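The values are calculated or read from the model by the stated rules, or taken from the named source; none is laboratory data. Keep in mind that this is a model prediction, so the values were computed, not measured. As a convention, Cβ positions derive from the backbone with ideal geometry for all residues, glycine included, and neighbour counts pool all protein chains shown. For accessibility, only protein heavy atoms count, side chains too; no ligands or nucleic acids. Shrake-Rupley method; radii C 1.70, N 1.55, O 1.52, S 1.80 Å.
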Amino acid sequence: MAAGAQTVLHTTTTPRRGSEAAFDLSCPTPPWKEEDASTLQTPVANEPWSLLNHVLQFRSTDAQFWWERTGHVFARLLQRAGYTPAEQYRELLFYALFVAPELGLAPDENGNVRGWRSPGTPDSTPIDFSWEWGAGDHATVRYSFEPIGAHAGTPLDPLNRTATNRWIAKLREQNMVPGLDLEWYDHFTGQILPHEDMDRTKTADVFVEETTPKAGTVVALDLEKTGPVMKMYIYPGLKAEELGITNLQLVQQSIRRLPQYASLRVEPLLAYLDEGTARYGFETGILGIDCLRPAAGARIKIYVRAPHTTVDYMLDALTLGGRLPLRESDEAVADLRDFWNAFLADAPAVLPPDAPGRASPGFYYTVGCGQEVSPKVYISPGYFCKSDADVLDRLRKFFSTRRSDSMMDNYEKAMQDIFDAQTLAGRCGSQYYVGCALHKNKLRVVTYLSPQTFDCERDLITARRGMMEF
């Protein structure tokens, strides 16, 4: 989504066939009716979210807020994605114990961010979810979040490093991630992150506002069937500014200094990124790594984007300017073109200079020791679609000739359960990225979802005040 860390924990589980549970939830409001908060104490039925929400009480009002506002988003997605009740209990309990308490301060009385401003989502909500469209009636739900320390953005913790270090220590001490290896973590954080004692001449608010998008570290934890894998995502912008070089140059130099550099076979990709920067104006935003032993399959990811929208641009980027052949079937490549055009067909070939950076369609490239480069696409619908309801319509149209199962219905129901019709029709922010990749002659599709907690909280406060005035 610096030596300090925005820590985004990213978890993944693969659902197994099981019966759906019905949740009495509505988001963005809390999972009880606003006019009757007493229902918070009474479970609606023997359902994972209702029962857990009934028995769990947090010592921190901030943690309670994040559990109530985002935990039920996760619950609804799990239920609609086909997770069994047992799986829902497991994932929600982990979320309550290890995620909600890490999300920082609740909004102020006006619904605004207090303290550290997370850059990962449009409204600075420090967590996002994703829905990977699987086979049949099952999807894989993931989430990424940024643990925010109590003193993040202050002289005590100017770059939010404490929360990341605490998370890594917790994972290691409790052996939550067997196979965790920090060789690449130590290398890249040393190469890419600025010193924490950097000179600060700006106010705390200005420093946080300008620093978080280019100096953070995001930690992700994927809970796969074979065991969890920890990942790290690093923003190189601040260190690059300190050195007087570009983000791409800093990333290239850090990769070339790896002991495993020769086995990565990464030079064709690095050469193309130079070429794409000159041709398209690539912006290199993030470098990601797996915290595994390099010889055990650890990967490096480089994220780039540019203000171009043509199919030719997309195919040039996926083939590294002709260096990487497309080995997928014609049908899969046609699906890729159609998915791209579902969101970008009406866009200008080159976006105007005043378009926000997030509007630029992008790619991320994965490399590993002895592995071929693997490219993936990501698009932000917010600049190209009228509303989240419009995004749903475009997804439905794309899948209408490609799926005969009920997954689109399940996804749309989840969105309608989480956000009311007015929010979906009036705002374009909950589905803040869509992505795809060619894999085994098929197109894998993922949608990335923001709870829009701060935006929705402001709406809730405004509506509540309007009712009081009325």
Open item on the list: Once ligands and nucleic acids are excluded and a 1.4 Å probe is used, how much of T84 is accessible, expressed in Å² to the nearest 10?
Closed with: 30
- [ ] Assign one of three labels to the range 145-195, namely rounded, prolate or oblate, based on the Cα gyration tensor with a ≥ b ≥ c the square roots of its eigenvalues; rounded applies when a/c is under 1.5, prolate when it is not and a/b is larger than b/c, and oblate otherwise.
- [x] oblate
Open item on the list: Considering the Cα positions of the range 353-470, please state its Rg to one decimal place and its Dmax as a whole number of Å.
Closed with: 17.7, 67
- [ ] Place a +1 charge on the Cβ of each Lys and Arg in the range 392-470 and a -1 charge on the Cβ of each Asp and Glu, then give the dipole magnitude about the Cα centre in debye, rounded to the nearest 20.
- [x] 560
Open item on the list: Can you sort H72, H138 by solvent-accessible area, 1.4 Å probe, largest first?
Closed with: H138, H72
- [ ] State, to one decimal in nm², a quarter of the convex hull surface area for the C-alpha atoms of the range 46-98, i.e. the direction-averaged projected area.
- [x] 3.3
TODO: Specify which residue in the list G149, G120, F65 is farthest towards the positive end of the charge dipole of the range 55-166, using unit charges on the beta carbon of Lys, Arg (+1) and Asp, Glu (-1), about the Cα centre.
DONE: G149
Task: Rel. contact order, % - alpha carbon contacts under 8 angstrom, at least six apart, the range 402-470 - done: 20
Open item on the list: As I understand it, the dipole of the range 360-470 uses +1 on the Cβ of Lys and Arg and -1 on the Cβ of Asp and Glu, about the Cα centre. Which of Y433, V373, T462 lies farthest toward its positive end?
Closed with: V373
- [ ] Calculate, axis by axis, the spread of Cα positions in the range 314-364 along the three principal axes, and write the results as whole Å, longest axis first.
- [x] 37, 23, 16
Open item on the list: For the range 290-402, take every pair of Cα atoms, bin their distances at 10 Å starting from 0, and report each bin as a whole percent.
Closed with: 12, 38, 33, 15, 2
Task: Entries in K301/K442; K376/K413; K170/K413; K170/K386; K170/K440; K386/K442 that, when Cα-Cα distance is taken, lie over 32 Å - done: K170/K413; K170/K386; K170/K440
TODO: Report the charge-dipole magnitude of the range 68-188 in Debye, nearest 20, computed about the Cα centre from +1 at each Lys and Arg Cβ and -1 at each Asp and Glu Cβ.
DONE: 160
Task: Among T310, V333, L273 - extreme Cα towards positive end, dipole of the range 271-345, charges at beta-carbon - done: L273
TODO: Write down, largest first, the equivalent ellipsoid semi-axes of the range 279-320 in whole Å, where each equals the square root of 5 times an eigenvalue of the alpha-carbon gyration tensor.
DONE: 27, 12, 6
- [ ] Using Cα centres only, tell me the gap between the range 393-470 and the range 125-198 in whole Å.
- [x] 25
TODO: In debye, nearest 20, what is the charge dipole magnitude of the range 264-410 about its Cα centre with +1 on Lys and Arg Cβ and -1 on Asp and Glu Cβ, if you could check?
DONE: 340
Open item on the list: Quick check: from the Cα gyration tensor, does the range 243-352 come out rounded (a/c under 1.5), prolate or oblate?
Closed with: oblate
Task: Prolate/oblate/rounded label for the range 103-161 (Cα gyration tensor, a/c 1.5) - done: prolate
Task: Value in Å of the Kirkwood radius, where the range 47-156 supplies the Cα pairs that are averaged - done: 14.9
Task: All-pairs Cα distance distribution in the range 403-470, expressed in whole percent, bin size 10 Å - done: 16, 39, 26, 12, 5, 2
